[in-house]
Amino acid sequence: MKKIIWFSIAFLIATNALSAKVKSQIVEYKQGDTVLEGFVAYPEGAKKAPGIVLVHDWMGLGENTKARAEQLAELGYVAFAADIYGKGARPKSMEEASKLAASFREGDRKLLRARGQAALDTLKSQPGVDQNSVAILGYCFGGTAALELARSGAPLKGTISFHGGLSTPKADDAKNIKGKVLALHGADDPFVKPDEVSAFQEEMRKAGVDWQFVSYGGAVHSFTIKEAGNDNSKGAAYNEKADKRSWLELKSFLKEIFPSK
């Protein structure tokens, strides 16, 4: 019994120590004249750690993306959760989110890339970031944003899309991709259809990109987002197995692109 008690105490101490090693704060930055409000999480005392930009889903920068940034900081990375929409622009409904996301995704890809670049520049300006070791990842809408920044030729070691949109109006821009690409996809995603997947894979092949595509059976759109519920018939739903498996895949990929970490 005493061993169990001491083990429990040691576990709590270790857990608290881990939490104490991660710091976070809100970061205000700009793209052009637009004020943006991001969130940075970093391991305390980090020196020359790889940096990762995270891009939110269509609901805007919220607690889910911030929590993911803190998880990455616990692994030793400096993680910057970007704000694509602008300070205070947080959709209050799915309809509002759809309209706002579409203004970037279907309207102004140039602006989407500019917002991604502003986030990357802000990440690289954070203390303790190795400016030569940076990556970007995104969820849903954020996956589209991450891939667009890679297609712009940004100096990224890696680009990761979690259940993101894969299409682009300028497929030839894939030749500008400088790092490796990992796409994590729900096999039953009704919003990113097989023809879009095929077009993306052909785009990567044609451009000679070092890419990986992992498809999770039984998973639909938004499979890493608990707030999506668990009803696959809606097209977007959380899937615990796919969430855990994709996070392991991410960690392996990060070790590959940042071998010194």
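The values are calculated or read from the model by the stated rules, or taken from the named source; none is laboratory data. Please read all numbers here as calculations on a predicted model, not as lab measurements. Using ideal geometry, Cβ is built from the backbone for each residue, glycine included, and neighbour counts are taken over all protein chains shown. Keep in mind that these areas ignore ligands, DNA and RNA; they rest on the heavy atoms of the full protein, side chains included. Shrake-Rupley method; radii C 1.70, N 1.55, O 1.52, S 1.80 Å.
Only one of the numbered conditions (1) within 15 Å of the chain's Cα centre (by Cα); (2) charged (D, E, K, R); (3) under 18 Å from residue 142 (Cα atoms) is violated by residue 251, and that is (3).
Scanning region 126-148 for residues being buried (at least 24 other Cβ atoms within 10 Å of the Cβ) and among the charged types (D, E, K, R) gives a total of 1. The set of residues in region 105-118 being touching a residue at least 12 places away in the same chain (Cβ under 8 Å) and under 19 Å from residue 153 (Cβ atoms) consists of 109, 112, 113, 114, 115, 116, 117, 118. Those strands (runs of 3 or more DSSP E) of region 149-240 in which at least 2 residues are open to solvent by 50 Å² or more (accessible area, probe 1.4 Å), considering only elements entirely within it, cover 211-216. Among residues of region 230-257 that are in contact (Cβ under 8 Å) with a residue 12 or more places away in the chain, those with a Cβ under 6 angstrom from a residue that is in a helix (DSSP H, G or I), sequence gap 6+ or separate chain, pair up as 236/228; 237/228; 238/226; 238/228.
In the set (1) of a type outside the set (Phe, Trp, Tyr); (2) at pLDDT below 95; (3) farther than 21 Å from residue 25 by Cβ, the condition left unmet by residue 128 is number (3).
Could you go through region 135-148 and let me know if any residue there is assigned to a loop (DSSP other than H, G, I, E, B), without any contact (Cβ under 8 Å) to a residue 40 or more places away in the chain and of a type outside the set (Asp, Glu). No: zero hits.
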